[in-house]
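J.: Dropping the structure in here first, questions after.
The values are calculated or read from the model by the stated rules, or taken from the named source; none is laboratory data. None of these values were measured; they are calculated from a predicted model. As a convention, Cβ positions derive from the backbone with ideal geometry for all residues, glycine included, and neighbour counts pool all protein chains shown. Accessible surface is based on the protein model in full, side chains and every heavy atom, while ligands, DNA and RNA are left aside. Shrake-Rupley method; radii C 1.70, N 1.55, O 1.52, S 1.80 Å.
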Amino acid sequence: MISAPEPLVVVTANGLYCPPGDFYVDPWQPVQTAVITHGHGDHLRHGSARYILARPGAGIARQRLGGDREVTPVDYGTRVQLGTTSVSLHPAGHILGSAQVRIEHEGRVWVVSGDYKRQPDPTCAAFEPVECDVFISEATFALPVYRFPETPRVVEEIHRWWMANRERGIASALFCYALGKSQRVLSELRAFTHEPVYVHGAVDSLTGVYRRAGVSMLPTLPVGTEKKTDFRGALILAPPSAAGTPWMRRFGDHATGFCSGWMRVRGDRRRRGYDRGFVISDHADWPALIETCTASRAKKILLTHGYSDALTRYFNERGVEASALQTSYGAED
Amino acid sequence: MRAFSELYEELDTTTSTNLKVAAMVRYFNTATPADAAWAAYILSGRRLKRFIGQSLLWRWLIEVSDLPEWLVEESYSAVGDLAETVALLMEGNLAAAAVVPDLPLSTWIEARLLPLREVDDEQQRVAIIEWWRTLPYRECFILNKLLTGELRVGVSELLVTRALAEVLKLERNDVTRRIMGEWRPSAEFWENLRSSEASASDPSAPYPFFLASPLEADPATLGPTSDWLAEWKWDGIRSELIRREGKCFIWSRGEDLVTERFPEVVAAAAQLPDGVVLDGELVAWRDGAIQPFADLQQRIGRKKLSPAILKEVPVRFLAYDLLEQDYTDLRALPLRERRARLEALSANAPDSLGISSAITASSWEQLANLRTESRARAVEGLMLKSLDSPYGTGRQRGSWWKWKIDPYSFDGVMLYAQPGHGRRSNLYTDYTFGVWSNGELVPVAKAYSGLSNVEIADLDRWIRLHTTEKFGPVRQVEQTQVFELAYEGIAASSRHKSGIALRFPRIMRRRLDKPAGEADTLSDLQAVLAAHRGQTRHEDPAS
Ligand SMILES: [Zn+2]
Ligand SMILES: [Zn+2]
């Protein structure tokens, strides 16, 4: 009798666990060994004893975790022995240092994608397709209405919006996630201007990490170091959590914009109350999800995040074995 | 249509009124006369009747999207709007090379959409699918909105008027007057708007209504009472009565010509001299007293005006103001002068044509006291109008105030929720509330306004997690959430299970502090109804 081979990754109360390697991927509870796909809050959590992650992401992890944890950076593509498995990290194209986790055990290969995108991004290494038997993919934007335009075109729109607001004598407050999206926008904007941009404290410290990692971006000025700054005509980058708070008052009359894949849908934009929505996402859109899952040549696809149920059913109806995993990752973008 | 879709986008993505006006001005200045006329038509809130039902569009979308129906449904529920879902899904099928040259908005409507009414389903299908395949996202969205008769643009009529006034180099009042009522958009119409001596000859042309703003400040800040005209705020239909060239016309606030609905008022108006325009209120009136609005509504609802209903619910026009006399526009005169002329004019008017009497009071305290009697008098409060004020356009703050009484309110329990319309259709925003009767909750009100976006999002989440049963789009929810609801009036109704109908119910706040058991009862509401009825039957509010 042939029994089905043991899975290389299972969902436990602590998170995604690899039994033969005795480690977790992006655990949501403190564990002994955590392999981390990237530094976003829902993937990198406090309290584990040891963190293994891709070298370009080490600065972000240290910044977020503080100095007291053991952080083991590993170069992309280098194999590390964990338990009886061989583990390597491969660029996911999501943010600086983001990685897919490739797990090999007794001739079988599983890949955990973490968050990823296929669009070019000047702030991080491009996604590297990795063939595997089982592919655990994110599915944040897994509906066919999510199809993202080319980033330079959208960034040009942002620049035009900023200039139009300047003409009206008001500030432009652009909300972007502090880690990844902000730096990507600051980097892409170089095609249109050399002017400095004001940044919120949360954006400022992470932008510093990116600069030290050698990423080129527009010059930035932290908000709040000088008293009585005149923000008219300025561009300010802030995390979405700052929207509508008293912190915004210092900018006087201003227009607001939000950079996110969710801005693809008009109702989402209007409900969140921003003047403008800019469709820039650090996740894969519908065509990219299909293409990536297919290109992995996996016999089985497991899905996390967002619209995983829809993508699961879509694959199953096309004769591709797929199922959804219950995880506690967010839908931020 | 490209320029129009860009205008739509600009209007949709700013809250600045100046930017909205500037965008419209830019559009009108560069559009062809026919396009400008159609844009003015759409922007001023007029709508083309729908060309295609949603269900046909849905079927064709499934057919061309190359996606399973459930996935299109899933997409639609994330987007919440069919026109947008089509545009988003079709963008994927759009070959860059297929993008066709832009056609003017007027050509789209006149040469493509209007002829759709003359052809069968199959021809409609072929045409529409072809357009979907070739139009870029934004234009595809506008096309679908036009097809379904749902194209609404986020600008007020006042802003459109401002933009048109700037483009046409006309006074705003003049613009408002010219675009009121029914008209057919065409190049000729636009040229007529532009030529200064346009069709002023239409005897039915009304003046735009001047609207009062709600008074929030202490009335004492308005200065001496002797500078103000105080009137009751009548609960009827605001109307304009026009007597010109031997004919009578009655316009309601909604800009509908309603002359035929009120034969007794028309008969009375025949006694007026020619070249007169009155602003006033149509009210149900019997035995010297105003009757509940519900009575008036009942009469308006009748398809045919039988002698019985005319007898049962007599209507009276209560004049507020005199806008035109001897064919001369009096609106620039101070109110005290217009009022004196109005009183002289209506001195011998027949019964169905009265005047809204001035309330004399020597102090604000005295007026405040009178205001507390509003409910007993079946009026909505007081109107305060500066005696020096000209008759303005739209809502200009400062000279006319409505000093309304606080609304009635009650605590109800949420029973059902359903998705809203348009941009809110992916959220549960329309709710049904009930009150207790014999240990059971009976529905008494539907309300969909009054909550902030954050509260709505919060409630939407709660509703999805606490659904007990689904009936199509309607969800029955756990009966635990209490809301304070305000309403303007109450009437007996045999059409409602509860036996009562509330007027303008709206949500005041969510009572997270209140358990469902402490919500109001049907007998509480019946008591309000009984008091309301008793008072309006026996008192004379005109005294
Ligand atoms: Zn992430
Ligand atoms: Zn994630």
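J.: Test of the criteria: in segment B:179-258, which GluC sites (Glu not before Pro) are in a DSSP loop and have at most 10 other Cβ atoms within 10 angstrom of their Cβ?
T.: For GluC sites (Glu not before Pro) across segment B:179-258 that sit outside H, G, I, E and B with at most 10 neighbouring Cβ atoms in 10 Å, the list reads B:Glu182, B:Glu197, B:Glu216.
J.: Next up: Return an integer: the convex hull volume of the alpha-carbon atoms of segment B:372-527, in Å³ per residue.
T.: In segment B:372-527, the Cα convex hull volume per residue is 168 Å³.
J.: Send over the semi-axes of segment A:255-332's equivalent ellipsoid, whole angstrom and largest first, taken as the square roots of 5 times the C-alpha gyration tensor eigenvalues.
T.: Semi-axes from the Cα gyration tensor: 30, 13, 10 Å.
J.: Here is a further query. Rank these by accessible area, largest first, 1.4 Å probe: B:Asp513, B:Asp12. Walk me through the intermediate numbers first.
T.: Values: B:Asp513 105, B:Asp12 25 Å².
I get B:Asp513, B:Asp12, largest accessible area first.
J.: Seen from all sides and averaged, what is the projected area of the convex hull of the Cα atoms in segment A:151-278, in nm²?
T.: That works out to 7.4 nm², a quarter of the Cα hull's surface.
J.: Using a probe of 1.4 angstrom, how much of the accessible area of the protein assembly as shown is carbon and sulfur, in percent?
T.: After summing per-atom areas, the C and S share lands at 49 percent.
J.: Could you point to the residue in A:Met263, A:Tyr329, A:Leu303 farthest towards the positive end of segment A:258-333's charge dipole, with +1 and -1 charges on the Cβ of Lys/Arg and Asp/Glu respectively?
T.: Result: A:Met263, furthest along the dipole toward the positive end.
J.: If the cut-off is 28 Å between C-alpha atoms, which lysines fall inside it for B:Lys145, apart from same-chain ones fewer than 8 positions away?
T.: Straight-distance partners of B:Lys145: B:Lys20, B:Lys49, B:Lys446.
J.: Give me the Kirkwood hydrodynamic radius of segment B:158-237, using the inverse of the mean 1/r over all pairs of distinct Cα atoms, in Å to one decimal.
T.: 15.9 Å
J.: Okay, next question. With a 1.4 Å probe, what is the total accessible area buried between chains A and B, in Å² rounded to the nearest 100?
T.: Approximately 2300 Å² gets buried when A meets B.
J.: Same structure again: When each pair of different Cα atoms in segment B:210-404 is counted once in the 1/r mean, what is the Kirkwood radius in angstroms, to one decimal?
T.: Evaluated on segment B:210-404, it is 17.3 Å.
J.: State the Kirkwood hydrodynamic radius of segment A:60-113 in Å, one decimal place, computed from all pairs of distinct Cα atoms. Display every interim value, and only then the final one.
T.: Working: mean 1/r = 0.0808 Å⁻¹.
Computed over Cα pairs of segment A:60-113, the Kirkwood hydrodynamic radius comes out at 12.4 Å.
J.: Any chance you could tell me what percent of the C-alpha pair distances in segment A:128-194 go past 18 Å?
T.: So the portion of pairs separated by more than 18 Å is 58 percent.
J.: Evaluated at 4 °C with a viscosity of 1.567 mPa s, what Stokes-Einstein diffusion coefficient in µm²/s does segment A:33-155 have when Rh comes from the Kirkwood expression over alpha-carbon pairs?
T.: 85 µm²/s
J.: Same structure again: Where does each of A:His305, A:His46, A:His194 land when they are ordered by accessible area, with a 1.4 Å probe and the largest first?
T.: A:His194, A:His46, A:His305
J.: I would also like to ask the following. Quick one: accessible area per residue over chain A, 1.4 Å probe, rounded to a whole number of Å²? Walk me through the numbers on the way to the answer.
T.: Working: 13340 Å² over 333 residues.
I get 40 Å² per residue for chain A.
J.: I would also like to ask the following. Taking beta carbons within 10 Å but only from partner chains, what does the mean come to for residues A:303-314? Intermediate results must be reported in sequence, preceding the final value.
T.: Working: counts 0, 0, 0, 0, 4, 0, 1, 5, 1, 0, 4, 5.
Average per residue, whole number: 2.
J.: When the helices in chain B are scored as -39500 (n - 2.57) per DSSP H run of 4 or longer and the sum is shared across all residues, what 222 nm value do you end up with, to the nearest 500 deg cm²/dmol? Working shown, then result.
T.: On the way: 18 runs with 193 residues, N = 543.
Helices in chain B give a 222 nm mean residue ellipticity of -10500 deg cm²/dmol.
J.: Go through B:169-175, B:34-40 and give me the packing order, highest mean Cβ count within 10 Å leading. Mind showing how you got there, number by number?
T.: On the way: B:169-175: 16.7, B:34-40: 25.0.
Descending mean neighbour count gives B:34-40, B:169-175.
J.: Each residue of segment B:435-445 in order: what ³J(HN,Hα) in whole Hz does its phi give by Karplus 6.51 cos²θ - 1.76 cosθ + 1.60, θ = phi - 60°, with x for Gly and Pro?
T.: 10, 7, 8, 6, x, 10, 9, 10, x, 10, 8
J.: Please compute the net charge surrounding A:Ser86, taking Lys and Arg as +1 and Asp and Glu as -1 over other residues with Cβ under 13 Å from its Cβ. Intermediate values should be presented prior to the final figure.
T.: Working: positive: A:Arg79, A:Arg102, A:Arg108; negative: A:Glu104, A:Glu106.
Here the count lands on +1.
J.: I've got another one for you. Can you run phi through the Karplus equation (6.51, -1.76, 1.60; θ = phi - 60°) for segment B:324-334 and list ³J(HN,Hα) in whole Hz, with x for Gly and Pro?
T.: Result, ordered by residue: 8, 9, 6, 6, 10, 6, 9, 5, 7, 5, x Hz.
J.: Would you please state the base-10 log of I(q)/I(0) at q = 0.07, 0.09 1/Å for the protein assembly as shown, with intensities from the Debye formula using one equal scatterer on every alpha carbon?
T.: -0.73, -1.10
J.: Using Cα pairs closer than 8 Å and at least 6 residues apart in sequence, work out the relative contact order for segment B:431-480, in percent. Don't jump to the answer; show the numbers that get you there.
T.: Working: 39 pairs, mean separation 10.3, N = 50.
Relative contact order, segment B:431-480: 21 percent.
J.: Taking just the alpha carbons, could you work out the radius of gyration and Dmax for segment B:448-532, both in angstroms?
T.: Calculated on Cα positions, Rg and Dmax stand at 14.6, 41 Å.
J.: Then there's this: Please calculate how many Å² of accessible area segment B:210-404 carries per residue, with a 1.4 Å probe and no DNA, RNA or ligand atoms counted.
T.: Normalised by residue count, the accessible surface of segment B:210-404 is 44 Å².
J.: Under a Cβ-Cβ cut-off of 13 Å, what is the net charge of the residues other than A:Ala58 that fall near it, where Lys and Arg count +1 and Asp and Glu count -1?
T.: +3
J.: Hey, got a sec? Which GluC sites (Glu not before Pro) in segment B:450-490 land in a DSSP loop and have at most 15 other Cβ atoms within 10 Å?
T.: B:Glu478
J.: A follow-up question, please. Among A:200-209, B:411-420, what's the highest-first ranking by average C-beta atoms within 10 angstrom per residue?
T.: Going from most to least packed, we get B:411-420, A:200-209.
J.: Taking each residue in B:83-89, count the Cβ atoms of any other chain within 10 Å of its Cβ, then average. What number comes out?
T.: On the way: counts 1, 4, 3, 0, 2, 8, 5.
Mean number of neighbouring Cβ atoms from other chains: 3.
J.: I need the semi-axes of the equivalent ellipsoid of segment B:330-449: take the C-alpha gyration tensor, multiply each eigenvalue by 5, square-root it, list largest first in whole angstrom.
T.: Listed largest to smallest, the semi-axes of segment B:330-449 are 42, 21, 15 Å.
J.: A further question on this structure: What size of dipole, in debye to the nearest 20, comes out for segment B:2-148 about its Cα centre when the only charges are +1 on Lys and Arg C-beta atoms and -1 on Asp and Glu C-beta atoms?
T.: Working: 14 positive and 21 negative charges, 133 e Å.
In debye, rounded to 20, segment B:2-148 gives about 640.
J.: Pop out a list of residues from segment A:137-175 that are at least 40 Å² less accessible with all the protein chains around than in their chain alone; 1.4 Å probe, no ligands or nucleic acids counted.
T.: For segment A:137-175, once contacts with the other chains are taken into account, A:Leu143, A:Pro144, A:Val145, A:Arg147, A:Arg168 lose 40 Å² or more.
J.: Mind checking A:247-253 for the average number of partner chain beta-carbons within 10 Å of each residue's beta-carbon?
T.: Per residue, the average neighbour count from other chains is 0.
J.: I'd like the trypsin sites (Lys or Arg not before Pro) in segment A:195-271 restricted to DSSP loop residues with at most 13 other Cβ atoms within 10 Å, sorted by number.
T.: Here the trypsin sites (Lys or Arg not before Pro) that fit, given the DSSP loop and packing criteria, are A:Lys227, A:Lys228.
J.: Let me ask you something else. Heavy-atom accessible area of A:Arg272 with all protein chains present, probe 1.4 Å, nearest 10 Å²?
T.: Estimated to the nearest 10 Å², A:Arg272 gives 110 Å².
J.: State, as an integer percentage, the relative contact order of segment B:408-531 based on alpha-carbon contacts under 8 Å between residues 6 or more apart.
T.: After rounding, I find 30 percent.
J.: Here is a further query. Quick one: work out the % antiparallel among DSSP beta bridges in chain A, nearest 5.
T.: Once the DSSP bridges in chain A are tallied, antiparallel ones form about 35 percent.
J.: Another question, if that's okay. Filter chain B for me: DSSP H helices, axial length by Cα at least 24 angstrom, mean Kyte-Doolittle hydropathy not below -0.5. List them by residue number.
T.: Values: long enough: B:522-538 (25 Å, -0.40).
Both cut-offs are met by B:522-538.
J.: DSSP beta bridges in the protein assembly as shown, what fraction antiparallel, as a percent rounded to 5?
T.: Counting only bridges with both partners in the protein assembly as shown, antiparallel ones make up about 65 percent.
J.: Can you give the calculated 222 nm mean residue ellipticity of chain A, where each DSSP H run of n ≥ 4 adds -39,500 (n - 2.57) and the sum is split over every residue, rounded to the nearest 500 deg cm²/dmol? Mind showing how you got there, number by number?
T.: Working: 7 runs with 72 residues, N = 333.
The helix-only estimate for chain A comes to -6500 deg cm²/dmol at 222 nm.
J.: Under a Cβ-Cβ cut-off of 9 Å, what is the net charge of the residues other than B:Ala486 that fall near it, where Lys and Arg count +1 and Asp and Glu count -1?
T.: Residues near B:Ala486 contribute -2 overall.
J.: Could you work out the percent of alpha carbon pairs in segment B:2-148 separated by over 20 Å, rounded to a whole number? Write out the running numbers ahead of the final one.
T.: Values: 5446 of 10731 pairs.
Summing the P(r) of segment B:2-148 above 20 Å gives 51 percent of all pairs.
J.: Moving on. Suppose a student asked you for the relative contact order of chain A, using Cα pairs under 8 Å spaced at least 6 residues apart; what percent would you report? Walk me through the numbers before you get to the answer.
T.: On the way: 753 pairs, mean separation 55.4, N = 333.
Taking the mean separation of contacting Cα pairs over the length of chain A, I get 17 percent.
J.: So for B:Ser356, B:Ser77, B:Ser362, what's the accessible-area order with a 1.4 Å probe, most first? Write out the running numbers ahead of the final one.
T.: On the way: B:Ser356 0, B:Ser77 75, B:Ser362 95 Å².
Result of the area sort, largest leading: B:Ser362, B:Ser77, B:Ser356.
J.: Karplus couplings for segment B:213-225 from phi (6.51 cos²θ - 1.76 cosθ + 1.60, θ = phi - 60°), rounded to Hz, Gly and Pro as x?
T.: 9, x, 7, 9, 6, 5, x, 4, 6, 7, x, x, 5
J.: For chain B, give the share of DSSP beta bridges that are antiparallel, in percent and rounded to the nearest 5; count only bridges with both residues there.
T.: So the antiparallel bridges amount to about 90 percent of the total.
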